[in-house]
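Read the figures in this text as sums done on the coordinates, not as results from a lab. The model shown is predicted, which means the values in this text are computed figures rather than measured ones. Please note: Cβ atoms are built from the backbone with ideal geometry, for glycine as well, and neighbour counts cover all protein chains shown.
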Amino acid sequence: MIPSRSPYNIEIDLTGETGVTGSKVEVFIWQTGSQPTSPQYTLSKLIPASNNLKMYYNISPYVNEYYTFTNWQNLYNTYDADINTDYKVNVVYKTYKKLTNGTYTPINTVTDLEFMYGFNYYMEGFNTFNSTVFLSEGTYLYYHNTSLLSTSVINMAGSFDAELEVGDAIKYTNLSTGATHTVTLTTAGIKTFSRVYLPYIADGNKVEYLGGGTSVRWTANFKAQCEPKYTPVAVDFINRYGSWARIFFLKAKTRNISVKAETYKVNPSVLPYVPTSEGQVKEFSKNGTESIKLNTGWVNDLYGEYIQELLLSEKVMVYDPDQKDGLFAAAYTPANIQTKSLLKQKGINKGVMNYELTFDFAYDIISNVV
């Protein structure tokens, strides 16, 4: 799996060849079904110099046009579902060299590339995922309220994706009783798993990825939190692996609106006696935006990195049970993160840690879509 927010460079090295003047790459991109018969993009370059016959093509910007992020389901009782196709992209590319007569000769065909809308950190070097599970190891908190149904969106712990082989397993261990539940893969591919095995939802669980069904290669803990005072808010975002992730903001929240308008001066309707009730300055094109400020509540050292992934995400959805979409249903709304800087906290320095972030809802209050 390749993260496409970082460059993916194709090298064409014609060093030592004669009679060549350049190269081209045909890129085939799709999400579902079979490979297109024609390339979506054809990229070409001339050789940089007669003594430099290496050419490079970064195809990541073209891949990034093909994600949709519209079909995610926050699973709560599924443990080996195939990943939704709207945030995974398939790529095949073909390389060619250009001869002095202007014709192209095939060099190579690379198949079975899969991209997700993730990224690498600079210090990691080569552009590839360093984990089979598309969620960082650590301890995560989720909201659980026994008075809510398991199908309630705010009562779902979230899910994670993993690229597994036949015989690999995901093991759930109840944090209170020690009971276990193991899911062994019978088909290979990128699978989606609930973070918490539903019968363990009140206690929380440890999740382990077992390579070959026996070797522990990844571990995370998911702990239930009850919040009796505030109404928690769930924020879902595309994380560094290009996979959906969920973080709960359990404490105080505040909402703010910002209104802006253009103004102009008007001529009075009667002269020379000006009606003071008319005013001299009027507004037009008036609209506003809304933002919400959220607090995580007390968290562990891991959350500094987790919040960093959220701040770097380009796809964020906010689920606030108190915000209504229409008359009844709670709103699940797209948002942009207003907060642009973050002090990464450490328990050894702070004792208890809370992160406060502000989100701008990604639309104007008054509908102006044309």
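If the cut-off is a Cα-Cα distance under 20 Å, which lysines reach residue 171, setting aside same-chain residues fewer than 8 apart in sequence?
Candidates past the 8-residue exclusion: 191, 206, 223.
Among all lysine pairs in the stretch 228-370 that are eight or more places apart or on different chains, how many have alpha carbons less than 16 angstrom apart?
For the stretch 228-370, the number of qualifying lysine pairs is 11.
For the stretch 131-226, build the charge dipole from Cβ charges (+1 Lys, Arg; -1 Asp, Glu) around the Cα centre, then report which of 219, 170, 155 sits farthest towards its positive end.
It is 155, whose Cα lies furthest towards the positive end.
Counting other beta carbons within 10 Å of each Cβ, put 301, 325, 161 in order, fewest first.
Least to most surrounded, the residues fall as 325, 301, 161.
About the Cα centre, and with charges only on the beta carbon of Lys, Arg (+1) and Asp, Glu (-1), how big is the dipole of the chain? Nearest 20 debye, please.
Numbers: 31 positive and 34 negative charges, 140 e Å.
Using only the charged Cβ atoms, the result is roughly 680 debye.
Which loop chymotrypsin sites (Phe, Trp or Tyr not before Pro) in the stretch 255-335, with loop taken from DSSP, have no more than 10 other Cβ atoms within 10 angstrom of their Cβ?
273, 328
Set Lys and Arg Cβ to +1 and Asp and Glu Cβ to -1, take the dipole of the chain about its Cα centre, and tell me which of 140, 60, 273 lies farthest positive.
Value: 273.
Taking 0.36 nm per residue of separation and subtracting the Cα-Cα distance, what length does fully extending residue 362 through residue 114 add?
So the chain would gain 86.3 nm between residue 362 and residue 114.
What ranking do 357, 135, 311 get, fewest neighbouring Cβ atoms within 10 angstrom at the top?
311, 357, 135
Taking other Cβ within 10 Å of each residue's Cβ, how do 132, 78 sort, fewest first?
78, 132
Over the chain, one equal point on each Cα, no solvent: what is log10 I(q)/I(0) by the Debye formula at q = 0.13 Å⁻¹?
The calculated log intensity ratios at q = 0.13 Å⁻¹ are -1.09.
When the C-alpha atoms of the stretch 229-370 are aligned to their principal axes, what extent does each axis show, in angstrom, from largest down?
Principal axes ranked by extent give 73, 35, 32 Å for the Cα atoms.
Given R₀ = 25 Å, FRET efficiency for residue 64-residue 291 by Cβ-Cβ distance, to 0.05?
Between residue 64 and residue 291 the formula returns 0.40.
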